[in-house]
Amino acid sequence: MSERIADLVSRMTAAEKLGQLQIIFRPNHDDAAALVRRGIGSMFWPPSATATNALQREAVENTRLGIPLLIGLDVIHGQRTIAPVPLAQAASFDPAMVEELAALAAREARSGGVNWTFSPMVDVSRDPRWGRVVEGFGEDVLLNAALGAAMVRGYQGDDLAAATSIAATAKHFVAYGQPEGGRDYNTVDVSDHRLRNVHLEPFRAVVAAGAASVMASFNTVAGVPVHADRRLLTGILKDEWGFDGVVVGDADGVANLVPHRVATDLDDAVALAYGAGIDIEMGGTPESIGWGAERLDSARLDDAVRRVLSLKERLGLFETPYVDPDAEITEPSSESRALVRAAAARSAVLLRNDGTLPLGAPRRMLLTGPYATSTDHLGAWTQYFGARSVSIADELAAQHPEIVVTVLPGVGFVEDDADDIGGVIAAVPGHDVVVVCVGEPSSFSGEAASRSDLRLPGRQAELIRAVAAAGVPVVVVMANGRPLVVADWIDQAPAVLEVWHGGTEAPAAIVDLLFGVAEPAGRLPMSFPRAVGQIPIHYDHENTGRPATTRGSLRLTTTDVAVEGPANVAEKFTSKYLDLDLGPQFPFGHGSGYATFAYGEPRLSASVIGVDGSVELTVEVTNTSTRTGDEVVQVFLEDLVASVAPPVRRLVAFARRTLAPGETSTFSFAIGPAQLGFRLTDGTLAVEPGNVVLHVGPTLAATRPVPLRVTPPPLPH
């Protein structure tokens, strides 16, 4: 704590301290100015540079202590230039790209006076019914950790006080991504083993990366609402991990302790939340300032105030509370558009392809489906600044005027009497290719946007089936904010491109992908289920004692160190469905591209290491095609025998690289305790001796095994 902060805290009244511990949610301008004069220290407010400066002037010049404001906003995947949604960014398997996009968002936001974002979301999300999967990085622990840390670095830069940096908030702490029934805000009940090894690990990574704040989650964990959970907020986050930043409550999360029925009233809720470790409350009303204050421990109150003021100091607000209105970024630039266009292409996943893609030189194209003419490509969390996109039809006309394009949407996003599938089918003859643009509108994902049915809404699947039967090459382009159930049409679609909600330049990127100007080399960050009844259906599940071997499952081992189930158990009595193949439609990490690659034999620098040792894994990858392309190499760990039932596979390393035609590149990965170990319920990292297998390849279905033996430490003499 600096001398300035210590001096301020020593001179503050109780009311001034409490004012620093509340964020007021989007008041109008006149109310905001009055609230600042009353001592409120933070605003959630979509500002302009001029408006923000006026509020900061109220705080600095018209309050007794002149403490500047935190201005927070949900800058989730862009401010003025909208990048692909975070789930799409996860599909890129490209931390450097994620960091660059976050840095762009930070520059644009800080130029308008925003200095605090409520992002990244690093909730491990294994239920696509939950609408907020769009806001995170999917089902895998490592991918969430790596991309969350990259986003923190992009937002915060090397210096939080820089005019291009904003404070990041890791959310939602913790286990918010596993709600019962996939319903937002719903109950979460997880074991300490899964809490430690799945849900806490990405937060550990982003805290280590320097995240300035962490947001508490709405849900309960083992019966305790997180906003009132001292074990999590103070015991693990602050004491065990040494987090010295700000713990912020989610919107009205403190007040929600009353309907949770753990607090009798708002006084009780405030006392519980701040006692548990909340430092600043989001929401409430101006009248709620001071509720429960008399029940707060003075040391806990001062600690919370110090944390909030220290964040303001790190942001340089005491020295530079204002931004330059003439430097405010209010529109996307050509450079920012180029960046998000490339990102949208890098985030696309080629789910299947019979060779139809990339398109050659069609003379006549039929463009159909609701996304043919829709401009709804931005995705959730872009509500504040009127960002916009064009349609795929507009972009096709602009990029390829030589092609005669017939545009017939055929159906809408929801079933409507105006749907005209017959008209589309009648128009198919005479066209060289049909591109069917389908998906979910942005409003179908995001907060409070859970779905019980994950099929394409409306009559879109019917349109795909009808067009696929018409005898002309078909490409399906799917834009959505979550994994969907596609079993009712996927086998009839020869080429399917998952493009997610790609942001400002999504239509341009989609056209680039269709014609091979860009490479769709992304990989799925979440499994696509065959049916809703399978959910949760994540790849890193544990084996049961009676694992099935139906299509889509992973074999127990691929080495001579076999693990067998009881020989007398018939296949009938195994863990499976009677009416559905085991495994997802498309698993985590699935995808390909237009370029083709060949893998050499993966090699380890040593075949035996100690529990505290490390080894280098290398594999040569050659581009065997005539075009430049990207390959994503994934490394999975299979622990053959452990003291706790291990996942069948667990991603421990990955890398994406661009290779020219004929080029060979050696991918190298360090494998050590962080990759081999798992967390005990007290948070300790444990590496156990025994046999493991590293599986290396472009997807789970195409890996090569490399056995490794981990030996115990020598016995003491």
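Which residues, counting only those in the range 342-357, are surrounded by fewer than 22 Cβ atoms within 10 Å (Cβ to Cβ), outside any strand (DSSP E or B) and not aliphatic (A, V, I, L, M)?
Asp354, Gly355, Thr356
Name the single residue, out of those in the range 358-387 being β-branched (Val, Ile, Thr) and over 27 Å from the mean Cα position of the chain (by Cα), that is surrounded by the fewest Cβ atoms within 10 Å (Cβ to Cβ). Steps first, please.
Here is the first cut: in the range 358-387, the residues β-branched (Val, Ile, Thr) are 368, 373, 375, 382.
Remaining after also requiring over 27 Å from the mean Cα position of the chain (by Cα): 368, 373.
Values: Thr368: 31, Thr373: 16.
Here the answer is Thr373.
State all residues of the range 292-335 that are farther than 25 Å from Asp279 by Cβ, in a helix (DSSP H, G or I) and touching a residue at least 60 places away in the same chain (Cβ under 8 Å); if no residue qualifies, say none.
Selection gives Pro325, Ala327.
Results for (1) without any contact (Cβ under 8 Å) to a residue 12 or more places away in the chain; (2) buried (at least 24 other Cβ atoms within 10 Å of the Cβ); (3) under 27 Å from Val323 (Cβ atoms); (4) in contact with a helix residue (DSSP H, G or I) (Cβ under 8 Å, 6 or more places away or on another chain), shown as yes or no for each residue.
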residue: Val124; (1), (2), (3), (4): no, yes, no, yes
residue: Arg129; (1), (2), (3), (4): no, no, no, yes
residue: Gly157; (1), (2), (3), (4): no, no, yes, yes
residue: Thr164; (1), (2), (3), (4): no, no, yes, yes
residue: Lys171; (1), (2), (3), (4): no, yes, yes, no
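Applying the selection to the range 167-199, what residues are in a loop (DSSP other than H, G, I, E, B), of a type outside the set (Asp, Glu) and under 16 Å from Thr220 (Cβ atoms)?
Our first condition is that a residue be in a loop (DSSP other than H, G, I, E, B); within the range 167-199, this holds for 168, 174-179, 183-187, 189-191.
Within this subset, residues satisfying the condition of being of a type outside the set (Asp, Glu) are 168, 174-179, 183, 185-187, 190-191.
Hits for the range 167-199 are Val174, Ala175, Tyr176, Gly177, Gln178, Pro179, Arg183, Tyr185, Asn186, Thr187, Val190, Ser191.
From the list Leu233, Leu272, pick out the single residue that is in the same structural domain as Leu73 (by TED's automatic domain parsing), over 23 Å from Val141 (Cβ atoms) and assigned to a helix (DSSP H, G or I). Give the steps one after another, and end with the answer.
On the way: Leu233 fails: over 23 Å from Val141 (Cβ atoms).
Result: Leu272 is the single residue among Leu233, Leu272 that is in the same structural domain as Leu73 (by TED's automatic domain parsing), over 23 Å from Val141 (Cβ atoms) and assigned to a helix (DSSP H, G or I).
Output the number of the condition that Gly683 fails; it satisfies all remaining conditions of (1) more than 28 Å from Leu195 (Cα to Cα); (2) within 25 Å of the chain's Cα centre (by Cα); (3) in a loop (DSSP other than H, G, I, E, B).
Failed condition: (1).
Kindly provide the set of residues from the range 358-382 that are more than 24 Å from Val407 (Cα to Cα) and assigned to a helix (DSSP H, G or I), ordered by number. Full working, then the answer.
Looking only at the range 358-382, we keep the residues that are more than 24 Å from Val407 (Cα to Cα), and these are 380-382.
The answer is none; no residue qualifies.
Just to check your reading of the model, which residue among Val438, Val405, Val433, Val390 is β-branched (Val, Ile, Thr), crowded, with 19+ Cβ neighbours inside 10 Å and either in contact with a helix residue (DSSP H, G or I) (Cβ under 7 Å, 6 or more places away or on another chain) or not assigned by TED's automatic domain parsing to the domain that holds Arg455 (or both)? Working first, answer last.
Working: Val405 fails: crowded, with 19+ Cβ neighbours inside 10 Å; Val433 fails: either in contact with a helix residue (DSSP H, G or I) (Cβ under 7 Å, 6 or more places away or on another chain) or not assigned by TED's automatic domain parsing to the domain that holds Arg455 (or both); Val390 fails: crowded, with 19+ Cβ neighbours inside 10 Å.
None of the others qualify; the one that does is Val438.
Which ones in the range 6-35 are β-branched (Val, Ile, Thr) and either out of contact with any Lys or Arg (no Cβ under 9 Å at 6 or more places or on another chain) or not assigned by TED's automatic domain parsing to the domain that holds Met215 (or both)?
From the range 6-35, those β-branched (Val, Ile, Thr) are 9, 13, 23-24; that's our starting set.
Answer for the range 6-35, where residues must be β-branched (Val, Ile, Thr) and either out of contact with any Lys or Arg (no Cβ under 9 Å at 6 or more places or on another chain) or not assigned by TED's automatic domain parsing to the domain that holds Met215 (or both): Ile23, Ile24.
Among all residue pairs at least 6 apart or on different chains, which show Cβ distances below 6 Å where the first residue, located in the range 628-652, is part of a loop (DSSP other than H, G, I, E, B) and the second is buried (at least 20 other Cβ atoms within 10 Å of the Cβ) and among the aliphatic types (A, V, I, L, M)?
Sorted first by the residue in the range 628-652, then by its partner, the pairs are Val648/Leu554.
Take the range 356-379 and flag every residue that is at pLDDT 95 or above and of a type in the set (Gly, Ala, Ser).
Across the range 356-379, the qualifying residues are Gly369, Ala372, Ser374, Gly379.
In the set Ala49, Ala83, Ala88, which member is at pLDDT 95 or above, in contact with a His (Cβ under 6 Å, 6 or more places away or on another chain), aliphatic (A, V, I, L, M) and in the same structural domain as Leu317 (by TED's automatic domain parsing)? Talk me through it step by step, then tell me what you get.
Details: Ala49 fails: in contact with a His (Cβ under 6 Å, 6 or more places away or on another chain); Ala88 fails: in contact with a His (Cβ under 6 Å, 6 or more places away or on another chain).
Being at pLDDT 95 or above, in contact with a His (Cβ under 6 Å, 6 or more places away or on another chain), aliphatic (A, V, I, L, M) and in the same structural domain as Leu317 (by TED's automatic domain parsing) holds for just one of Ala49, Ala83, Ala88, which is Ala83.
Collect the residues in the range 296-312 that are polar (S, T, N, Q) and at pLDDT below 95, keeping them in residue-number order. It would help to see each step written out before you state the result.
The initial filter retains those residues of the range 296-312 that are polar (S, T, N, Q), namely 298, 310.
Listed by number, the list holds a single entry, Ser298.
Conditions tested, residue by residue: (1) over 22 Å from the mean Cα position of the chain (by Cα); (2) part of a loop (DSSP other than H, G, I, E, B).
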residue	(1), (2)
Ser450	no, yes
Gly471	yes, yes
Val476	yes, no
Trp500	no, yes
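Could you check, for the range 700-711, whether at least one of its residues is touching a helix residue (DSSP H, G or I) at 6+ places or on another chain (Cβ under 8 Å) and in contact (Cβ under 8 Å) with a residue 24 or more places away in the chain? Talk me through it step by step, then tell me what you get.
Step one: of the range 700-711, the residues touching a helix residue (DSSP H, G or I) at 6+ places or on another chain (Cβ under 8 Å) are 710.
Adding the requirement that they be in contact (Cβ under 8 Å) with a residue 24 or more places away in the chain leaves 710.
The answer is yes, given that some residue of the range 700-711 is touching a helix residue (DSSP H, G or I) at 6+ places or on another chain (Cβ under 8 Å) and in contact (Cβ under 8 Å) with a residue 24 or more places away in the chain.
Could you go through the range 213-228 and let me know if any residue there is within 16 Å of Ile278 (Cα to Cα), free of Cβ contacts under 8 Å to residues at least 40 places away in the same chain and either part of a loop (DSSP other than H, G, I, E, B) or outside the structural domain of Thr684 (by TED's automatic domain parsing) (or both).
Checking the range 213-228: at least one residue is within 16 Å of Ile278 (Cα to Cα), free of Cβ contacts under 8 Å to residues at least 40 places away in the same chain and either part of a loop (DSSP other than H, G, I, E, B) or outside the structural domain of Thr684 (by TED's automatic domain parsing) (or both).
Output the residues belonging to the range 620-643 that are touching an Asp or Glu at 6+ places or on another chain (Cβ under 9 Å) and farther than 15 Å from Pro707 by Cβ. Can you show your working first?
Within the range 620-643, the first condition is being touching an Asp or Glu at 6+ places or on another chain (Cβ under 9 Å), and the residues that meet it are 620-623, 627-630, 632, 636, 639, 641-643.
Selection gives Glu620, Val621, Thr622, Asn623, Arg627, Thr628, Gly629, Asp630, Val632, Ala642, Ser643.
Name the residues in the range 236-269 that are closer than 26 Å to Met43 by Cβ and in a helix (DSSP H, G or I), would you?
Once the filter is applied, which keeps residues that are closer than 26 Å to Met43 by Cβ and in a helix (DSSP H, G or I), the range 236-269 yields Leu237, Lys238, Ala255, Asn256, Leu257, Leu266, Asp267, Ala269.
Identify, from the list Ala495, Ala487, the residue that is crowded, with 19+ Cβ neighbours inside 10 Å, under 27 Å from the mean Cα position of the chain (by Cα) and on the phi < 0 side of the Ramachandran plot. Let's see the steps before the verdict.
Working: Ala487 fails: crowded, with 19+ Cβ neighbours inside 10 Å.
Only one candidate qualifies: Ala495.
Looking only at the range 587-615, count every residue that is surrounded by 15 or more Cβ atoms within 10 Å (Cβ to Cβ) and of a type in the set (S, T, N, Q) and tell me the total.
2
So Pro370 ticks every box in (1) under 15 Å from Thr504 (Cα atoms); (2) in contact with a Pro (Cβ under 6 Å, 6 or more places away or on another chain); (3) not aliphatic (A, V, I, L, M) but one. Which box is left unticked?
Looking at each condition in turn, Pro370 falls short on (1).
Is one or more of the residues making up the range 230-253 of a type in the set (A, V, I, L, M, F, W, C), within 18 Å of the chain's Cα centre (by Cα) and over 24 Å from Arg26 (Cα atoms)? Step through it out loud before you land on a result.
Keep residues of the range 230-253 that are of a type in the set (A, V, I, L, M, F, W, C), which gives 232-233, 236-237, 241, 243, 246-248, 251.
Within this subset, residues satisfying the condition of being within 18 Å of the chain's Cα centre (by Cα) are none.
There is no residue in the range 230-253 that is of a type in the set (A, V, I, L, M, F, W, C), within 18 Å of the chain's Cα centre (by Cα) and over 24 Å from Arg26 (Cα atoms).
Return the only residue of Leu680, Leu659 being in contact (Cβ under 8 Å) with a residue 40 or more places away in the chain, surrounded by fewer than 20 Cβ atoms within 10 Å (Cβ to Cβ), aliphatic (A, V, I, L, M) and farther than 20 Å from Ala145 by Cβ. Give the derivation first.
On the way: Leu680 fails: farther than 20 Å from Ala145 by Cβ.
Within the list Leu680, Leu659, the selection yields Leu659.
Can we say Ala263 is out of contact with any strand residue (DSSP E or B) (no Cβ under 8 Å at 6 or more places or on another chain), at pLDDT below 95, over 25 Å from Pro86 (Cβ atoms) and buried (at least 22 other Cβ atoms within 10 Å of the Cβ)? Spell out how you get there, then give the answer.
Numbers: out of contact with any strand residue (DSSP E or B) (no Cβ under 8 Å at 6 or more places or on another chain): yes; at pLDDT below 95: no; over 25 Å from Pro86 (Cβ atoms): yes; buried (at least 22 other Cβ atoms within 10 Å of the Cβ): yes.
It is false that Ala263 is out of contact with any strand residue (DSSP E or B) (no Cβ under 8 Å at 6 or more places or on another chain), at pLDDT below 95, over 25 Å from Pro86 (Cβ atoms) and buried (at least 22 other Cβ atoms within 10 Å of the Cβ).
The values are calculated or read from the model by the stated rules, or taken from the named source; none is laboratory data. Owing to the predicted nature of the structure, the values given are computational and were not obtained by experimental measurement. No Cβ is skipped: glycine too gets one built from the backbone with ideal geometry, and neighbour counts run over all protein chains shown.
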